[in-house]
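The values are calculated or read from the model by the stated rules, or taken from the named source; none is laboratory data. Keep in mind the model is a prediction, meaning the values are calculated, not measured. Here the Cβ positions follow ideal geometry from the backbone for every residue, glycine too, while neighbour counts run over all protein chains shown.
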Amino acid sequence: MEMKAPGTKETDEQKQRSEWSSRLGFYLAAIGSACGLGNLWRFPYIAGQNGGGAFVLLYVLLALVVGLPLLIGELILGKTSGRGVLASMRQLQKTDSVWIVKSFRWIGRLAVVLSMVILSYYAVISGWVLHFVTQMLVGLVTGTKPSSKTMMDLLVDNGWLQILLASVHLLFTVTVVLKGVQQGLEKAIGFMMPIFGILVVGLLTQAMSLPSSVEALRFMFYPDFSKLTMSSLIQAIGHVCFTLSVGFGTMVTFGSYMRDDENIPAAGFRVTFLDTFISLASGLLIFTVAFQATSTSFSDPSLLFEVLPNFLLDMPGGILFGILFFISLYLAALGASIGLLEVIVANIEERTKKNRRFSAWICAVISLILSVIPALSSSSFKNLRYNGRGLLEILDNVLINWILPLIALGMSLIISYGLSKVQKERFFLSANQVETEALFSHWRFSTRWLIPGLIIFAFLLQILRSAWPS
Ligand code: PHE
């Protein structure tokens with residue numbers, strides 16, 4: 001399995017680099033990493049916090065203007081260097097690069113650290129999904145019908161249960177990652193993603209027959225710009241990066257496993273399109289159900305878990321359907337976690353030459369220790385609040401609305417100034433250059449000016465808002 005990294009001198013290390021076994025392999029891993037809790041769990045409540053329609057519009061625009069160009073850029077960076085984000089940065093350092101590239105060197109390390117911290121909090125929410133699966137299984141065996149509220153209350157009051165569930169999740173994640181790229185990653189995700197997509201679309205069709213669907217459509221797609229706040233822009237940028245898995249180094253690593261004949265811009269577009277579609281479908285589904293249930297807060301991280309189970313359990317086929325849905329949601333969360341852990345492991349492996357098994361277990365243990373903070377945020381640490389927010393939300397805010405956009409900013413500059421025009425052209429332009437030439441200059445403009453400009457502007461707005469809260 002040999003892979004050349006054009007544009008660079010081939011080293012022994014690069015020759016041995018794994019490669020996706022087929023074109024489908026890349027898509028499965030990239031879509032598996034992108035589609036996860038970010039679409040079903042995080043997107044609806046963030047949209048709810050920001051008043052719906054206008055934020056949704058902003059999110060879709062930013063997915064195209066910020067997310068897609070960054071995703072393409074990370075893939076090209078990985079493909080050019082044939083390495084993960086840490087080694088890519090070092091390689092750029094060695095070439096006679098401009099000061100911008102030199103001064104953003106730490107972005108790579110920050111991306112890996114962020115992945116580790118995100119994995120810990122992702123593991124906690126994945127644990128919640130596992131909890132719903134097990135509770136429904138218990139309901140099936142004992143013939144009782146659990147309710148969303150009783151299942152959620154059990155979790156909220158019991159932080160140690162959350163830690164236990166997070167550790168089970170991390171165990172599953174390590175097991176798949178240790179099987180290697182082709183054995184583990186491709187197979188697992190290839191199996192889980194289609195089920196997830198079909199279920200979301202199927203449920204949405206079902207939900208559209210509810211009377212509340214009109215209200216949900218209006219809430220999601222009628223833009224009322226007065227609902228946006230000064231932090232909406234950074235929240236939308238942060239969420240776009242989170243949901244597309246950019247700014248974590250994930251796509252750099254995935255790009256490095258890509259085959260030479262892959263059309264990178266088209267691949268980036270397909271992943272972005274599918275991920276955005278799943279988010280919009282999920283948002284519509286959740287809001288239709290939430291409007292039907294009335295007494296729910298639309299802006300709370302527990303939104304998905306408070307409204308969806310009752311809806312599923314009330315359907316014909318009830319509990320079985322609920323189990324199927326939460327298992328597939330769990331598999332989607334597992335796919336995303338695998339993407340996170342894979343990247344950390346691949347980077348540590350490259351840098352320290354420690355073996356995969358060792359790196360994977362160390363990461364899992366560190367993530368488990370870190371997961372104690374979000375896991376206990378609704379029980380032992382529930383009094384630790386700032387501005388009405390609990391620890392889980394504070395953590396989410398710092399990681400996704402501050403650190404992730406900062407990495408995205410650095411990454412766009414690195415892609416822009418660290419790679420030469422020839423290197424970029426090589427992987428951007430397809431055989432039929434005429435068609436892609438214009439897109440190529442748009443893309444270069446975005447990574448050099450538009451994305452950094454937007455992120456800096458969004459930071460300024462966010463800072464102003466913190467300085468003068470309304
Ligand atoms: N994109 C994933 C989601 O939306 C989260 C994720 C981020 C996964 C980064 C891998 C890497 O749920």
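Within the set Arg444, Arg385, the sole residue that is closer than 30 Å to Val168 by Cα and of a type in the set (Lys, Arg) turns out to be Arg385. Evaluated against (1) under 14 Å from Gly238 (Cα atoms); (2) surrounded by 21 or more Cβ atoms within 10 Å (Cβ to Cβ), Pro44 falls short on exactly one condition, (1). In a residue-by-residue description of segment 385-400, the property of being of a type in the set (Ser, Thr, Tyr) and modelled with pLDDT of 85 or more applies to no position. Val176 passes all but one of (1) within 23 Å of Asn401 (Cα to Cα); (2) within 14 Å of the ligand (Cβ to nearest atom); (3) surrounded by fewer than 23 Cβ atoms within 10 Å (Cβ to Cβ); which number fails? Val176 satisfies every listed condition except (1).
Restricting to segment 277-330, what's the tally of residues that are small (Gly, Ala, Ser), modelled with pLDDT of 85 or more and surrounded by fewer than 20 Cβ atoms within 10 Å (Cβ to Cβ)? Spell out the reasoning first.
Residues of segment 277-330 small (Gly, Ala, Ser): 279, 281-283, 290, 293, 295, 297, 299, 302, 317-318, 322, 328.
When the remaining residues are screened for being modelled with pLDDT of 85 or more, the result is 279, 281-283, 290, 322.
Going one step further and asking which of them are surrounded by fewer than 20 Cβ atoms within 10 Å (Cβ to Cβ), we end up with 281.
The number of residues fulfilling the criteria is 1.
Out of segment 413-443, which residues are aliphatic (A, V, I, L, M), more than 18 Å from Leu62 (Cα to Cα) and either at pLDDT 90 or above or buried (at least 16 other Cβ atoms within 10 Å of the Cβ) (or both)? Answer for segment 413-443, where residues must be aliphatic (A, V, I, L, M), more than 18 Å from Leu62 (Cα to Cα) and either at pLDDT 90 or above or buried (at least 16 other Cβ atoms within 10 Å of the Cβ) (or both): Ile414, Ile415, Leu419, Leu429.
Within segment 351-374, does at least one residue satisfy the condition of being out of contact with any helix residue (DSSP H, G or I) (no Cβ under 9 Å at 6 or more places or on another chain) and either within 16 Å of the ligand (Cβ to nearest atom) or farther than 16 Å from Phe172 by Cα (or both)? Yes, segment 351-374 contains at least one residue that is out of contact with any helix residue (DSSP H, G or I) (no Cβ under 9 Å at 6 or more places or on another chain) and either within 16 Å of the ligand (Cβ to nearest atom) or farther than 16 Å from Phe172 by Cα (or both).
Per-residue answers, yes or no, for (1) away from the ligand (no atom under 14 Å from the Cβ); (2) more than 24 Å from Gln49 (Cα to Cα):
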{"residue": "Ala266", "(1), (2)": "yes, yes"}
{"residue": "Asp300", "(1), (2)": "yes, no"}
{"residue": "Gly318", "(1), (2)": "yes, yes"}
{"residue": "Gly322", "(1), (2)": "yes, yes"}
{"residue": "Gly339", "(1), (2)": "no, yes"}
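Asn347 fulfils the conditions (1) away from the ligand (no atom under 15 Å from the Cβ); (2) of a type in the set (S, T, N, Q); (3) farther than 28 Å from Trp160 by Cβ except for a single criterion, (1).
For every residue, the table says whether it meets (1) at positive phi; (2) at pLDDT below 85; (3) buried (at least 22 other Cβ atoms within 10 Å of the Cβ); (4) within 14 Å of the ligand (Cβ to nearest atom).
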residue	(1), (2), (3), (4)
Arg109	no, no, no, no
Thr134	no, no, no, no
Gly139	no, no, no, no
Thr150	no, no, no, no
Asp153	no, no, no, no
Gly180	yes, yes, no, no
Glu186	no, yes, yes, no
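Restricting Ile373, Ile415, Ile403, Ile407 to those that are more than 23 Å from Trp41 (Cβ to Cβ) and within 25 Å of the chain's Cα centre (by Cα) reduces the list to Ile415.
All conditions but one from (1) in contact with a Lys or Arg (Cβ under 8 Å, 6 or more places away or on another chain); (2) modelled with pLDDT of 90 or more; (3) not polar (S, T, N, Q) apply to Ile163; the one that does not is (1). Of the helices (runs of 4 or more DSSP H) lying entirely inside segment 247-355, those containing at least 3 residues that are more than 17 Å from Ser148 (Cβ to Cβ) and not acidic (Asp, Glu) are 250-256, 264-293, 318-352. When the test is whether a residue is without any contact (Cβ under 8 Å) to a residue 60 or more places away in the chain and within 16 Å of the ligand (Cβ to nearest atom), Phe248 does not pass it. Within the option set Ser466, Ser446, being buried (at least 18 other Cβ atoms within 10 Å of the Cβ) and in a helix (DSSP H, G or I) holds for one residue only, Ser446.
Answer yes if at least one residue in segment 231-245 is within 30 Å of Glu19 (Cβ to Cβ), part of a helix (DSSP H, G or I) and more than 15 Å from the ligand (Cβ to nearest atom), and no otherwise.
First, the residues of segment 231-245 that are within 30 Å of Glu19 (Cβ to Cβ): 240-245.
Subsequent filtering for residues that are part of a helix (DSSP H, G or I) retains 240-244.
Subset that is more than 15 Å from the ligand (Cβ to nearest atom): none.
The answer is no, given that none of the residues of segment 231-245 is within 30 Å of Glu19 (Cβ to Cβ), part of a helix (DSSP H, G or I) and more than 15 Å from the ligand (Cβ to nearest atom).
Any residue that is among the charged types (D, E, K, R) and farther than 19 Å from Leu450 by Cα - is there at least one of those in segment 39-46? Yes, because at least one residue in segment 39-46 is among the charged types (D, E, K, R) and farther than 19 Å from Leu450 by Cα. When segment 398-409 is limited to residues that are surrounded by 24 or more Cβ atoms within 10 Å (Cβ to Cβ) and not β-branched (Val, Ile, Thr), the one that is farthest from Ile463 (Cα to Cα) turns out to be Ala408. Looking only at residues of segment 21-64 that are away from the ligand (no atom under 16 Å from the Cβ), out of contact with any Leu (no Cβ under 8 Å at 6 or more places or on another chain) and at pLDDT 90 or above, we find that the one that is nearest to Ala123 (Cα to Cα) is Gln49.
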